[in-house]
1. Can you confirm whether E65 is of a type in the set (D, E) and at pLDDT 95 or above?
2. Which of the residues spanning the range 114-124 are assigned to a loop (DSSP other than H, G, I, E, B) and either of a type outside the set (V, I, T) or touching a Pro at 6+ places or on another chain (Cβ under 6 Å) (or both)?
3. Enumerate the pairs (first residue in the range 33-50 and under 17 Å from I15 (Cα atoms); second residue anywhere and modelled with pLDDT of 95 or more and among the hydroxyl-bearing types (S, T, Y)) with beta-carbon separation below 7 Å, excluding pairs fewer than 6 apart on the same chain, so at least 6 apart or on different chains.
4. With the requirement that a residue be within 10 Å of the ligand (Cβ to nearest atom) and more than 26 Å from G119 (Cα to Cα), what does the range 59-88 give you?
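The values are calculated or read from the model by the stated rules, or taken from the named source; none is laboratory data. Not measured: the values here are computed from a predicted model. Counting neighbours? That spans all protein chains shown, and the Cβs are built from the backbone with ideal geometry, glycine included.
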Amino acid sequence: MAADIAYAICALSDIPSQKARGFQLVRLDEAGKEVPWSIFVVRWGRQVFGYANRCPHDGVKLDWERNQFLDPNGVRIMCGKHGALFELGTGMCLEGPCKGRALTPVALEVLDGDICVTGVTLAEDEPAASFCDDEEA
Ligand code: FES
């Protein structure tokens with residue numbers, strides 16, 4: 001399988017530093033079947049951190065308000081359902097009902113100013129730019 005492909009999901013500059021954004025992607029499983037894949041990306045300066053958008057506590061999406069992934073201070077990832085707090089760089093739950101468990105990391109690289117997902121195969125029937133979930137509600 002082409003595991004080394006990097007899929008651009010948006011430009012680094014599309015996410016302001018110290019903000020996060022969710023993406024609805026579709027990946028292919030080992031059998032080649034399309035599986036919806038919801039992830040989010042936190043940007044911190046030149047660094048980006050990616051995780052599956054799934055709380056280890058109840059398996060729900062973290063952003064109860066769209067694209068609200070961070071706590072009020074903007075220094076931790078927060079689940080909107082019961083308020084679990086996760087470390088930005090590791091995804092480890094530091095406080096809350098899933099303390100000691102972690103978010104599932106998503107491998108990312110920044111290539112030519114684009115944030116790219118690596119290590120998976122995406123169903124790519126749309127231009128890469130359209131993965132970007134940037135329309136305002
Ligand atoms: S579902 Fe996330 S803290 Fe309970």
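1. Answer is no for this residue.
2. G119, A123, E124
3. Sorted first by the residue in the range 33-50, then by its partner, the pairs are I39/Y51; F40/Y51; R43/S17; W44/S17; G45/S17.
4. Across the range 59-88, the qualifying residues are W64, G80, K81, H82, G83, A84, L85.
Quick grid of which residues meet (1) within 16 Å of the ligand (Cβ to nearest atom); (2) closer than 15 Å to E109 by Cα; (3) at pLDDT 95 or above; (4) in contact with a helix residue (DSSP H, G or I) (Cβ under 7 Å, 6 or more places away or on another chain):
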{"site": "V42", "(1), (2), (3), (4)": "no, yes, yes, no"}
{"site": "Y51", "(1), (2), (3), (4)": "yes, yes, yes, no"}
{"site": "R54", "(1), (2), (3), (4)": "yes, no, yes, no"}
{"site": "G91", "(1), (2), (3), (4)": "yes, no, yes, no"}
{"site": "L94", "(1), (2), (3), (4)": "yes, no, yes, no"}
